[in-house]
Amino acid sequence: MAVGNEPKRGEIEPLTAWLAKIIDDIAGKDDGKPLTFGDLRHAKIPSGLEGVMAGMEHRSIDLRAVTTCVTFGRPMELPFQDTHFFAFDPEDWQRFFPAKVIHYLMEEGEKIQAPALRRDGKLPFPVGDAMPVVVAARMSLSFPLLFTMIPLYAVNYHDPAEPLEKVWFSDGGITSNLPIHRFDALFPRWPTLAVNLQYIPKKGKPGRRRIDESLIYMIRRRADGTRDLWNIFHRGDSPLKDLVGFGGAIFESAKSWHDNAYLRLPSYRDRVAEIWLRDDEGGMNLNMPADTIQRLTERGNAAGIKLRDRFAATPPSESLSWDGHRWARLRSALAGLAAYLHEFRQSVDHSMPEDRQLADLLASRKAPSCYEFQSGEQYEAAKAGIEALLDWIAELEAKAVCDGPGEAAERPFCDGPRPSVEIGSRAPM
């Protein structure tokens with residue numbers, strides 16, 4: 001029988017037990033099971049939005065979270081999808097989650113056919129729709145030194161003779177602190193909004209200009225928000241302080257470079273509200289008085305209203321409106337796509353002298369013996385698609401009408417907003 005981390009008489013309720021109860025209460029769950037990602041995905045679509053949600057694979061509410069797998073050294077998106085790669089130890093997890101969650105995970109784990117993950121009392125870990133929301137929340141907020149890391153287990157195929165080995169998960173903010181790009185599209189159907197917390201340096205004023213007493217920053221013109229924020233860690237007060245500051249700057253750069261790069265982009269910077277926090281607010285201030293918490297709550301509410309009004313109440317003719325956001329995203333993405341496709345065509349047309357030409361590979365069907373097409377029909381469709389894509393790129397670049405410096409063929413959409421978007425390959429989370 002699962003015990004879980006239930007509070008003893010007179011004790012303060014553990015964070016995860018409290019969080020699990022709050023989540024289920026808000027969702028109206030009364031069936032004895034925790035809220036799952038499947039409950040959200042398959043929730044009833046609001047009336048009038050059926051057409052908008054078409055093609056969304058029944059994702060009524062598309063919740064995602066990010067955790068950092070410190071064992072593998074990369075971020076992972078929650079819920080895990082499809083493949084049953086991890087196992088969990090019910091006895092170990094009772095330290096983290098209430099009995100209802102543990103009992104549910106054990107029931108679901110027993111249903112999963114993955115013999116390699118059933119060792120020493122461990123069970124396959126539920127993925128996809130079956131994963132409880134509170135588990136994702138706890139895995140995502142395992143702030144270093146403040147919250148215990150969450151352990152799962154996996155087969156180490158580099159050393160398969162060993163039993164299941166622990167895989168540790170910590171705070172998602174270590175590697176992806178503001179992953180708003182995960183919900184984006186070239187021409188979005190709805191805005192992805194974000195509230196980004198920034199900390200006022202010790203000298204007492206925010207790191208951005210033009211922030212009023214509300215301590216909330218949002219761009220006021222399309223050209224705003226392109227300047228980098230400064231992290232001035234070298235003060236010259238003492239070598240030791242400078243060394244500590246340097247170490248902190250290294251950690252902050254490794255943690256936030258991805259987010260900092262994205263936040264300068266057009267159609268990203270207009271949908272983020274920055275909330276600047278004083279020394280006694282947020283962060284490691286774990287014992288804030290009630291009036292400070294109330295002040296932060298009001299500031300967060302004000303930021304939300306600003307974002308809502310920008311995208312719901314701003315006239316479409318204005319630059320910083322919902323239409324302006326979609327148009328900026330389209331222009332920016334098309335310019336990046338054009339540069340990416342131009343490089344593809346250049347590689348096809350000007351390959352190295354000893355390399356086989358792409359046309360020869362497609363004509364002979366003697367491609368390398370890897371990732372072969374499964375049928376003749378699939379091959380013919382792919383061949384026609386590649387040829388059509390190359391023809392389309394040539395036609396697109398022939399119509400370039402850009403003025404100014406640079407090769408017009410590389411800029412059929414005339415660059416678009418700045419900074420420019422760079423499109424490339426990256427493994428999914």
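For the reader, a short list of remarks on this structure follows.
- Contact order, relative form, for the range 276-333: 15 percent (alpha carbon pairs under 8 Å, 6 or more residues apart, mean separation divided by residue count).
- The DSSP beta bridges internal to the chain are antiparallel in roughly 75% of cases.
- Compactness index (Cα Rg / 2.2 N^0.38 Å), the chain: 1.17
- Counting only heavy atoms of the protein chains and using a 1.4 Å probe, Phe85 has close to 80 Å² of accessible surface.
- Potential extension, Trp168-Leu358 segment - 0.36 nm per residue separation minus Cα distance: 64.0 nm
- In Å², nearest 10: area of Thr292 left accessible to a 1.4 Å probe: 10
- Under Karplus coefficients 6.51, -1.76 and 1.60, residue-wise ³J(HN,Hα) of the range 117-128 in Hz, glycine/proline x: 9, 10, 9, 6, x, 7, 10, x, 8, x, 10, x
- Estimated 222 nm signal from helices in the chain, with DSSP H stretches of n ≥ 4 weighted -39500 (n - 2.57), rounded to 500: -11500 deg cm²/dmol
- Amide H contacts of Leu78 (H built 1.01 Å from N, under 5 Å, at least 5 apart or other chain): Ala65, Val66, Thr67
- Share of carbon and sulfur in the accessible heavy-atom surface of the chain [1.4 Å probe, %]: 56
- Amide H within-cut-off set for Leu197, under 5 Å, with H built and near neighbours excluded: Ile275
- Backbone N within the range 172-207 under 20 Å of label point (7 Å from Val52 Cα along the Cβ vector): 180-195
- Placing R0 at 56 angstrom, the Cβ-Cβ distance between Asp92 and Ser375 gives a FRET efficiency of 0.75 after rounding to 0.05.
- Listed values for the range 349-360 are Karplus-derived 3J(HN,Hα) couplings in whole Hz (6.51 cos²θ - 1.76 cosθ + 1.60, θ = phi - 60°), namely 7, 9, 6, 5, x, 8, 7, 6, 6, 4, 4, 5, and x replaces Gly and Pro.
- Less than 5 angstrom separates the built amide H of Ser60 from those of His42, Ala43, all sequence-distant by 5 or more or on a different chain.
- Ranking of Val127, Val52 by solvent-accessible surface, largest first: Val52, Val127 (1.4 Å probe, protein heavy atoms only, all chains present).
- Rounded to the nearest 10 Å², the accessible area of Thr67 at probe 1.4 Å: 0
- Cα gyration tensor shape for the range 195-244, rounded if a/c is under 1.5, else prolate or oblate: prolate
- Rel. contact order, % - alpha carbon contacts under 8 angstrom, at least six apart, the chain: 13
- Compactness of the range 18-168 - radius of gyration and Dmax, Cα, Å: 16.4, 56
- Along the range 41-53 the Karplus relation, 6.51 cos²θ - 1.76 cosθ + 1.60 evaluated at θ = phi - 60°, assigns HN-Hα couplings of 4, 9, 5, 5, 6, x, 4, x, 10, 4, x, 5, 7 Hz to successive residues, with x for each Gly and Pro.
- Taking 7 Å steps out from each Cα toward its Cβ at Ala99 and Leu389 produces label points 5.6 nm apart.
- Sequence of His84, His234, His258 from largest to smallest accessible area, 1.4 Å probe: His234, His84, His258
- Principal axis extents of the C-alpha atoms in the range 201-295 (largest first, rounded to whole Å): 42, 35, 22.
The values are calculated or read from the model by the stated rules, or taken from the named source; none is laboratory data. Quick caveat: nothing in here was measured; it's all calculated off a predicted structure. Counting neighbours? That spans all protein chains shown, and the Cβs are built from the backbone with ideal geometry, glycine included. Remember, those area values only see protein heavy atoms, side chains included, never the ligands or the DNA or RNA. Shrake-Rupley method; radii C 1.70, N 1.55, O 1.52, S 1.80 Å.
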